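The values are calculated or read from the model by the stated rules, or taken from the named source; none is laboratory data. All figures in this text were calculated on a predicted structure; none of them were measured in a lab. For neighbour counting, all protein chains shown are included, and Cβ atoms are generated from backbone atoms with ideal geometry for every residue, glycine included.
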Ligand code: PEP
Ligand code: MN
């Protein structure tokens with residue numbers, strides 16, 4: 001997984017939540033079959049109200065298995081000890097594997113941010129994606145990056161992720177501000193990944209339309225005609241969306257993902 005800005009956007013695809021060994025392996029196989037570089041397999045799921053909140057540490061050995069299949073696993077971490085356990089079970093066991101961790105929109109505690117920054121410091125196999133906060137608060141988003149850096153992480157390890165802002169309106173779960181997200185990435189000199197799944201939500205069709213919108217979006221910067229765009233997308237794709245344990249309504253099937261890939265290839 002490379003963090004440099006590339007002409008081909010980074011696609012992160014996989015289920016909202018890792019649900020079982022079988023579902024994780026099926027997702028990794030599908031990701032490999034679709035040339036997806038990073039497979040979303042979140043072991044931790046923050047929930048608005050107490051509900052099933054993910055496989056947790058039981059899924060860590062499968063993250064290593066997936067990484068050794070040749071696709072980089074990505075998971076949310078809620079606490080520094082989650083990040084520590086995932087790193088111990090993956091990159092500490094195999095120097096050849098890569099790992100993508102992320103901090104979610106609800107995780108805006110600066111001690112957590114700094115401690116996770118300290119844990120990944122010097123670990124070049126690990127990248128950390130920082131989602132914008134639930135509410136539109138640019139300073140908090142930038143501050144989260146600064147706290148992670150203050151903990152010791154290097155800018156080369158950080159990616160931003162735009163998942164839109166609450167409250168939902170106009171048929172969107174979390175309406176995005178695409179210009180703002182690209183501007184923040186530009187100002188911080190960090191890649192920006194769009195999250196059409198949590199931004200559009202509601203149905204695969206909604207998510208696919210938002211993915212295309214994000215992929216097409218350009219922001220003119222510097223007044224010299226330079227245009228920037230999203231560096232990648234993170235898309236929820238489930239081997240059997242109807243049976244998904246979380247975010248059932250918005251997850252794509254792999255055949256819908258294929259359609260989306262084809263539509264994205266038509267874009268300039
Ligand atoms: C997620 O990506 O799994 C998630 C919970 O999204 P967010 O933190 O953006 O709400
Ligand atoms: Mn989700």
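Things worth noting here:
- Index of the failed condition, residue 206 passing every other in (1) in contact (Cβ under 8 Å) with a residue 40 or more places away in the chain; (2) away from ligand 1 (no atom under 15 Å from the Cβ); (3) within 23 Å of residue 132 (Cα to Cα); (4) in contact with a strand residue (DSSP E or B) (Cβ under 6 Å, 6 or more places away or on another chain): (4)
- The test for being out of contact with any strand residue (DSSP E or B) (no Cβ under 6 Å at 6 or more places or on another chain), touching a residue at least 12 places away in the same chain (Cβ under 8 Å) and outside any helix (DSSP H, G or I) holds for residue 166.
- Any chance residue 176 is surrounded by fewer than 23 Cβ atoms within 10 Å (Cβ to Cβ) and assigned to a loop (DSSP other than H, G, I, E, B): no
- Where helices (runs of 4 or more DSSP H) fall wholly inside the stretch 26-137, the ranges with 1 or more residues that are touching a residue at least 40 places away in the same chain (Cβ under 8 Å) and either closer than 23 Å to residue 181 by Cα or more than 12 Å from ligand 1 (Cβ to nearest atom) (or both) are 60-69, 80-89.
- Residue match in the stretch 6-19 (condition: more than 16 Å from ligand 1 (Cβ to nearest atom), at pLDDT below 95 and closer than 20 Å to residue 131 by Cβ): yes
- Note on the stretch 186-268: enclosed strands (runs of 3 or more DSSP E) holding 2 or more residues that are surrounded by 18 or more Cβ atoms within 10 Å (Cβ to Cβ) and on the phi < 0 side of the Ramachandran plot are 192-194, 232-236.
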